[in-house]
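Participant: Have a look at the structure that comes next, please.
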Amino acid sequence: MSFAQPIFILSANCSGSSQLSAMLGQHPETYGLPQINLLMLDTVEQLNLLLQGPRQFQVHGLLRAVAQLYSGEQTINAVAMARRWISNRFYADSASVYRQLCRRVAPLRLVDPSTTYCAGRERLERLYAAFPEAHFLHLVRHPRSQGEAVIGIGEGALAIQDGSLEFRTKEDVLVDPQYAWYRYNANIRRFFGQLAPWQKYTVQWEAIVSEPGTHLEAICRWLGLEWNEALAAALLHPERSSYAGFGPYSCQLGHDPYFLRHPAFVSRPLPLPSLSGPLSWRDDGQEFLPEVLTLARELGYN
């Protein structure tokens, strides 16, 4: 059975990918996934070994998706079934398992917002190797507002998970999310250099929030999806996604926590913060690194 090529939303954490996936998932030609992280590694076995302990939350999206797609619900029993489903594919390569999910929703196109793919170039290359005809959307957010959002999750726990650390001395370690913002977005930019023009698109999350109609239409037309007034209205309701809100016990996450708490989309003017000035999460008055400033300006933040 054939399937349509997926759509990958590539971004740093807390940049709007969860909400945009749920929005695009309201289109009748697509299926918005949570952050399933399936293509982080080559095999399901490797993924299972990595996503344990403090990283176990990163498998929640895959469990919720399998539960919903194969049982039609996300109950504790459905999640237990999803764990068995994954265990039965323990020695399979992750790309072949991903194709099973593509076939499950065919003829719809999967929309995958997994931010973990952008942490390393080899992960992005894995996406392309598995789906060379896929579309890749680079979703960006201002490094100041994105950094403040990341620091707000678990008192900086997400930033630590991302490796956003500055070692001032052996005993003095500062958590600074600008490092991950730069690494993720720089990886995406380099990856985009090898893609055909038709399969890559870059947009600011702030632009979508400020003018959703304009930018959602542009995205859908780039993807070759139908567009009309009824669809424009439907895409403004990400809260209708099966993954909007927390999941069952032991599998609550799978999306950006901000989206899980407040899944409704609110369009509003979103002024851009300044690239200059001290960073609120630092205690030394330091500003953005020169390389962060350069990349931010290349992405349209002036």
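Participant: What number of residues within the range 90-110 satisfy the criterion of being in contact with a strand residue (DSSP E or B) (Cβ under 6 Å, 6 or more places away or on another chain) and not in a helix (DSSP H, G or I)?
Facilitator: Here the count works out to 4.
Participant: So for the range 55-68 (the condition being of a type in the set (Lys, Arg) and under 18 Å from Tyr184 (Cβ atoms)), does at least one residue qualify?
Facilitator: Yes; the residues of the range 55-68 include at least one that is of a type in the set (Lys, Arg) and under 18 Å from Tyr184 (Cβ atoms).
Participant: Regarding Glu166, is this residue more than 28 Å from Glu229 (Cβ to Cβ) and assigned to a loop (DSSP other than H, G, I, E, B)?
Facilitator: Against the criterion (more than 28 Å from Glu229 (Cβ to Cβ) and assigned to a loop (DSSP other than H, G, I, E, B)), Glu166 does not qualify.
Participant: Within the range 173-232, which residues are free of Cβ contacts under 8 Å to residues at least 60 places away in the same chain and polar (S, T, N, Q)?
Facilitator: Thr214, Asn228
Participant: Follow-up. From the list His142, His135, exactly one residue is more than 26 Å from Ser274 (Cα to Cα) and under 16 Å from the mean Cα position of the chain (by Cα). Which is it?
Facilitator: His135
Participant: Is there any pair with a first residue in the range 65-91 that is closer than 14 Å to Leu33 by Cα and a second that is surrounded by fewer than 20 Cβ atoms within 10 Å (Cβ to Cβ) and aliphatic (A, V, I, L, M) whose Cβ atoms are under 8 Å apart and which are 6 or more apart or on different chains, and what are they?
Facilitator: Val66/Met81; Val66/Ile86; Ala67/Met81; Leu69/Val105; Tyr70/Met81
Participant: Right, here's the next one. State yes or no: is Trp198 within 18 Å of Val140 (Cβ to Cβ), of a type in the set (A, V, I, L, M, F, W, C) and assigned to a helix (DSSP H, G or I)?
Facilitator: no
Participant: Can you name the residue in the range 22-70 that is in a helix (DSSP H, G or I) and among the small types (Gly, Ala, Ser) and, of all such residues, is surrounded by the fewest Cβ atoms within 10 Å (Cβ to Cβ)?
Facilitator: The selected residue is Gly53.
Participant: Also, I was wondering about something else. Of a type in the set (Val, Ile, Thr), modelled with pLDDT of 95 or more and part of a helix (DSSP H, G or I) - does that describe any residue in the range 111-131?
Facilitator: The answer is yes; a qualifying residue exists.
Participant: Another one. Condition first: crowded, with 19+ Cβ neighbours inside 10 Å and closer than 23 Å to Thr30 by Cβ. Now tell me which residues in the range 239-264 satisfy that.
Facilitator: Hits for the range 239-264 are Ser241, Ser242, Tyr243, Ala244, Gly247, Leu253, Gly254, His255, Asp256, Phe259, Pro263.
The values are calculated or read from the model by the stated rules, or taken from the named source; none is laboratory data. A quick note: this is a predicted structure, and the numbers were derived from the prediction, not measured. So basically every Cβ, Gly included, is an ideal-geometry build from the backbone, and we count neighbours across all protein chains shown.
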